[in-house]
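Each remark here refers to the structure printed beneath this line.
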Amino acid sequence: MLKVLSGVWALLLGIVLIMLGNGMHFTLIGLRGGLEGFSAAELAVVTSGYFLGFLSGARLTPSLIRRVGHVRVFAALGSFMSAGLIAFTLLAEPWAWTLLRILIGFCMSGIYVAAESWLNDTTTNETRGKVLSAYMIAQTLGIIGAQGLLTLGDAATSALFVGASILVSISFAPILLSVTPVPAVQVARPMSLRALFGHSPLGAVGIFLLGGVYATQAGMGAVFGDAIGLSANQIALFVAMLFAGALVLQYPIGWLSDRLDRRKVIFGAAVLGAGACALGWLAAGATWLGGDALSPLLAAAFFAGGMTTPLYALLLAYTNDSMSTEDMPAASGGLVFTFGVGAILGPLVTGWAMESLGPYAFWLVIGATFALMALYAAYRMTQRPAPTAEEAEAYLGVLPTASVVAVTAAGAWAAENAEAERDAAAAEAEADLA
């Protein structure tokens, strides 16, 4: 493993630093927005702006790379993102923050496309699974570590925003000084939503619903914590638990998905997610009774977040099970686009609900979305037989933050790995007969 990672350590280090800066800014928006008097609905629009920019960047960055190359695009997007992070403290208006979030979302998406194409180009199929896993772990550790950095400053000042900008700025040094340009990234045209739904109704519907869940957790978690009166340190811990759950539970859920009907695992994970949200909502009762609400909130965050990221990888793997190898790149693009649309809409619905029903509607919306996913998975199990073991692709944990480049690479690795395992099993069977 160390030999595999020795060739990509600089890229992984850069990604950790980028995620430290980006993770800080996600939580800072909720903290500073509360101090500035922004409503939950206004902060929901700001949150959705990031995912609108992210979706746009995923579509436009490949053409930019083809025109001017990886290095120039990577450096330019990094510069714009660093400047955008500092600009949040200059004009505290919801419309200005929304525009800045669109810009940062666009830049982050483009950075992912460039970084992941570099990463993909430096690996072979034998090493791709390990490298992608390390890349996903680096991203998650960066987000979790960012929450710890937030405890070192005050959201009322500009220091934390400046710190996030510095981290993003220096993150490009190890990457740009160590990698070499690669051929322009090739991204297949996304499969239409109708075709995607025709191939995998559960994959299409599930990934759309999950987009709303993930964006709400990542973007509105700090808003919820501020609304119920948690301290800045408690909010940072709450957000960290959302991602810590994903880090811990990804492997066991992936292990199950390679051994059971994936629809059953999707159903079970969605039910557990809904149950965790119910626990978070019931924590409001502890507040009313004068008890400790923080402990059940942290447990709810751990398990709700712990179901979200594995569900993303599960839905990708399940969709690939019904695709030919030739259709997987287009399907990956369609899934990323569908996820992005859900991510734009989810915070808007949650912000409206929190304004109308109170801050604990944060859990009601996420829980209801998990429940819808579970019900639809149960329904789909009655409509189509489970894929055979020969048809199923291997599972590889992919984060919702990944671009279509990483999603496509993971799908290709899963297909080739599953084919290799089937060939090995067939050869073993022939040897036994002989």
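Taken together, the values in this text are just the output of simple stated rules run on the coordinates, not laboratory data. As the structure is a prediction and not an experimental result, all values here were calculated from the model. Every residue, glycine among them, receives a Cβ derived from its backbone with ideal geometry; neighbour counts consider all protein chains shown.
Along the stretch 18-30, what does the Karplus equation 6.51 cos²θ - 1.76 cosθ + 1.60 (θ = phi - 60°) give for ³J(HN,Hα), rounded to whole Hz, x for Gly and Pro?
So the Karplus estimates, Gly and Pro as x, are 4, 5, 4, x, 5, x, 4, 5, 4, 6, 4, 4, x Hz.
Whole-Hz Karplus ³J(HN,Hα) for the stretch 365-373, in order, using 6.51 cos²θ - 1.76 cosθ + 1.60 and θ = phi - 60°, x for Gly and Pro?
Using θ = phi - 60°, the values come out as 5, 5, x, 5, 5, 4, 5, 4, 5 Hz.
Which of Thr308, Thr122, Thr401 comes first, and how do the rest follow, when ranked by fewest Cβ neighbours within 10 Å? Each step should come with its number before you reach the end.
On the way: Thr308 28, Thr122 16, Thr401 20.
In order of increasing Cβ crowding within 10 Å: Thr122, Thr401, Thr308.
Fewest to most neighbouring Cβ within 10 Å: what's the order for Glu42, Glu36, Glu93, Glu326?
On the way: Glu42 20, Glu36 14, Glu93 11, Glu326 8.
Listing Glu42, Glu36, Glu93, Glu326 from fewest to most nearby Cβ atoms yields Glu326, Glu93, Glu36, Glu42.
When the helices in the chain are scored as -39500 (n - 2.57) per DSSP H run of 4 or longer and the sum is shared across all residues, what 222 nm value do you end up with, to the nearest 500 deg cm²/dmol? Don't jump to the answer; show the numbers that get you there.
On the way: 15 runs with 345 residues, N = 434.
Taken over the chain, the calculation gives -28000 deg cm²/dmol.
Starting from the Cα of Tyr251, step 7 Å along the direction of its Cβ; do the same at Val162; then give the gap between the two resulting points in nm.
Label-label distance for Tyr251 and Val162, simple model: 4.1 nm.
Can you work out ³J(HN,Hα) from phi for every residue in the stretch 225-232, in order, using Karplus 6.51 cos²θ - 1.76 cosθ + 1.60 and θ = phi - 60°, giving whole Hz and x for Gly and Pro?
Values, residue by residue: x, 5, 5, 9, x, 5, 6, 4 Hz.
Add +1 for every Lys or Arg and -1 for every Asp or Glu among the other residues with Cβ under 15 Å from the Cβ of Ala164, and state the total. Mind showing how you got there, number by number?
Numbers: positive: Arg32, Arg101; negative: Asp154.
Net charge around Ala164: +1.
How far, in nm, would the chain grow between Leu193 and Ser56 when pulled straight, counting 0.36 nm per residue and subtracting the alpha carbon separation?
On the way: separation 137, 0.36 × 137 = 49.32 nm, distance 1.69 nm.
So the chain would gain 47.6 nm between Leu193 and Ser56.
Which of these, Gly198, Gly33, Gly245, has the largest mean-square fluctuation under a Gaussian network model of the chain (Cα springs below 10 Å)?
In this elastic network of the chain, the residue with the biggest mean-square fluctuation among Gly198, Gly33, Gly245 is Gly198.
Taking springs between alpha-carbon atoms closer than 10 angstrom, which of Ala114, Ala330, Ala317 fluctuates most in the Gaussian network model of the chain?
So, out of Ala114, Ala330, Ala317, the one fluctuating most is Ala330.
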